[in-house]
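A.B. asks: Below is one structure. I have some questions about it.
No value in this document is a laboratory result; all are computed from the given coordinates. It should be emphasised that the depicted structure is a prediction, and the values quoted were computed from it without experimental measurement. Cβ sites come from the backbone with ideal geometry, for glycine too, and all protein chains shown count toward neighbours.
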Amino acid sequence: MSQEVMPTMMDKPFGEENKGHEKQEEKAQHFDPFKVFDTVPKLRRMNAVSLAKDGTPYNIFVATFEHVFNEQYPVISRLNRIAVHGGKASLLNLAMADVSALRRTSGGYLSVDSLKSQPGRFFTVGIATYSRLRNNEPVNGRYGRQLCVAVSDLLWPRATAVIAAVYGITDTLNVLTYNHGVTFTSRFLQVDNQSKTIVPGISQSPAKAVGASQKVQPVLPHDADVPVWDGRNAFALGEYRNLPRWDGEIPPGAAVLVIFTVHIYKHKVAEARYDTTSFNIQEVILLELPSPSESNSSKLSLHPPRNIALGVLDDETGPATSNDDGDSGAKDMFLV
């Protein structure tokens, strides 16, 4: 499916006139996200892979903003600031979360203690590799919404460590991926013999009933209008729904903040059953359109995870939890 890349409305990237002293000075003053991770408790690093049908494990591709937006230092700095924003109880950054304040609901969803039985809403930041949020035609006989994201390599190690700590996963976490990105999906509707039946899909956990008292619909229906907000200018995280809407598909290479619920279920791969992710899409904030050199998903600057181990222990056999009440270091302020 071809996707038109729309022209950027952000400030122009540094060009010839910015080279030399001015560019070096800007680079020296860019935000350093590594320091924020000094304030969060380190967790046991998780073996998170994408398992093929035969059980072969594959690395999860991640995005490095410095590579994707080469030398566009204001863009890189802004994305790094947003990536390590801690959020708040109603919308938490999964990678920056304090595991002592998280819990698993009776339905298997990741939640926050203050929300009681409701599924929590989490966010992460990365680069879109595939978007199917607006197309209403079935693929392989299935209707549904899907966004695939190469999560920032700043966030990925601790995000999976948080999940492992809360769910007590000690071996392997199977992450569902497509087109070099982690999948965030709605429920799927399978078309079979011209009849439509809701079925569990390979990119989602089994459907769960939504209680009347729940404020969060943990899994959106296959034909849901997934809100995409245009956040290419500064905004307050708590007021993102005041942003204008983005009506088109998200082009590959765009930087996004994706909001989702988390469910972990057992999925049979080959002859074994693995703890498997179901990241259920809720909303999306478009942060930056693709760099001209990144407008084709086949050319995205993606890499297997760097061994930067931010917020996790280098020793994979270390403790899975911490009782440290560390602050994420990020306040609910305007994102720049």
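A.B. asks: Once label points are set 7 Å from the Cα along Cα→Cβ at both LYS116 and GLU66, what is their separation, rounded to one decimal in nm?
C.D. replies: Those two pseudo-labels are separated by 4.7 nm.
A.B. asks: A further question on this structure: From the phi of every residue in the stretch 154-168, what ³J(HN,Hα) in whole Hz does the Karplus formula 6.51 cos²θ - 1.76 cosθ + 1.60 yield, where θ is phi - 60° and glycine or proline is x?
C.D. replies: Per-residue couplings from phi come out as 5, 9, 4, x, 7, 4, 6, 5, 4, 4, 4, 5, 6, 8, x Hz.
A.B. asks: Set the Förster distance to 35 Å, then compute FRET efficiency between TYR58 and VAL191 from the Cβ-Cβ distance, nearest 0.05.
C.D. replies: So the FRET efficiency works out to roughly 0.75.
A.B. asks: Here is a further query. In nm, give the distance between the simple-model label positions of ASP230 and ALA101, each being 7 Å from the Cα along the Cα-to-Cβ direction.
C.D. replies: 3.3 nm
A.B. asks: Along the Cα→Cβ direction, 7 angstrom out, place labels at ASP223 and ALA89. What is the inter-label distance in nm?
C.D. replies: 3.7 nm
A.B. asks: A further question follows. Within the stretch 34-67, list the residues whose amide N lies under 20 Å from a label point set 7 Å along Cα→Cβ of ILE308.
C.D. replies: Residues 34-49, 59-67 qualify, since their backbone N sits under 20 Å from the label point.
A.B. asks: Tell me, what ³J(HN,Hα) does each residue in the stretch 85-101 have, in order and in whole Hz, if you take phi through Karplus 6.51 cos²θ - 1.76 cosθ + 1.60 with θ = phi - 60° and put x for Gly and Pro?
C.D. replies: Once rounded to whole Hz, the list reads 5, x, x, 8, 4, 7, 7, 9, 6, 4, 6, 9, 5, 8, 5, 5, 9.
A.B. asks: Order these peptides, 276-285, 137-146, 110-119, by their mean beta-carbon neighbour count within 10 angstrom, highest first.
C.D. replies: Taking the mean over residues of other Cβ atoms within 10 Å, the ranking is 276-285, 110-119, 137-146.
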